[in-house]
Amino acid sequence: MINNIKFFREVLKETFSEWNSSSASKDSASLAYYAIFSIPGLLIIIIWIAGNFFGEEAIRGEISNQISGLMGNEVAKSIEGMIAGALIDKQNIFMKIVGIGSLVFGSTTLFFQLQHTLNTLWYVEAAPKKALIKFLLDRANSLGMILILGFLLMTTMILSSMISLFNNWITNYFGLETYRLVEFVNFAIGFGVVMLLFALMFKVLPDIKISWKPVWRGALLTTVLFTLGKFLLSLYFGNFKPTSTFGAAGTVILIMMWINYSCMLVFFGAEFTKVYTYKKGYKIILSKHAKWNAAKLYAESRKNQDSPD
């Protein structure tokens, strides 16, 4: 037990050092910029997927509630406006094809750029002779992540709807303690869904194959930090309203701040996963469409040789 705590502390310390010296801050800011253009397409595709099961209006309402809980009603209304402005004319076939293509390209850009940053973190880059194939596969992987997001949203919505529907019945027949237990189970499942999403990011997006064990460790740490930070940032934004001085641009700035914060946590979790993998000696297999960045690997090995034991 003591050895495990000591090992975790060492991994955490090295993770922070690597993360702090990396380009995480710059890459997070870049992803926040890309997110502004990706969000409408991302949400519309999710609405189309989940809307087949619950109806588009219900899914849009659930997305609005989730965003409102995170960033407030003003941001939720602004994003609703962004979605409405990006809706496709379903009567015109040509505009529908062009619109769907632009939505797919725009919505996958966020995950595409996230994948590039995660590859950089693992010292991986696209193989020059396979750049086009790699580009198309990356876009496909990004679209796959969006489909997974839609499925996870649908799952959490089913659970939340069931609890909301039966909350009075549960309280009346089983007491308040049972209702609190059900709410805790709801929170635990939501926590697990977020953890699964982070795990898939760490496992699927980088062009490497690694064991699930370090992936789950990194996903758990990221989810704990994300849940805690989400609560603290919600209090901060709700009480102090730091974007009020920016006027109409405040909503966009708030969204970018949220994405920036979330991406920095993702990079920290990915860095933890990498450090844990190397320290435990797990096998790392390179994707056939990528290659190692020799210069960065050499610099890393020199740094490890120069560092004191």
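The values are calculated or read from the model by the stated rules, or taken from the named source; none is laboratory data. On a predicted model such as this, the values are computed, not experimentally measured, just so you know. Here Cβ is always computed from backbone atoms with ideal geometry, including for glycine, and neighbour counts include all displayed protein chains.
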Search region 264-309 for residues being among the small types (Gly, Ala, Ser) and at pLDDT below 85, and hand back the single one that is nearest to ALA219 (Cα to Cα). SER287
Number of the condition not met by GLY250 [criteria: (1) surrounded by 14 or more Cβ atoms within 10 Å (Cβ to Cβ); (2) at pLDDT 90 or above]: (2)
Could you say which residue among ILE88, ILE49, ILE79, ILE44 is part of a helix (DSSP H, G or I), among the β-branched types (Val, Ile, Thr) and at pLDDT below 70? ILE49
Give the number of residues within region 13-26 that are surrounded by 15 or more Cβ atoms within 10 Å (Cβ to Cβ) and modelled with pLDDT of 85 or more. 4
For VAL185, work out the one condition from (1) buried (at least 16 other Cβ atoms within 10 Å of the Cβ); (2) among the β-branched types (Val, Ile, Thr); (3) out of contact with any helix residue (DSSP H, G or I) (no Cβ under 8 Å at 6 or more places or on another chain) it doesn't fulfil. (1)
Qualifying residue in region 155-170 (condition: modelled with pLDDT under 65 and crowded, with 18+ Cβ neighbours inside 10 Å): yes
Return yes when LYS230 is part of a helix (DSSP H, G or I), out of contact with any strand residue (DSSP E or B) (no Cβ under 6 Å at 6 or more places or on another chain) and at pLDDT below 85 and no when it is not. yes
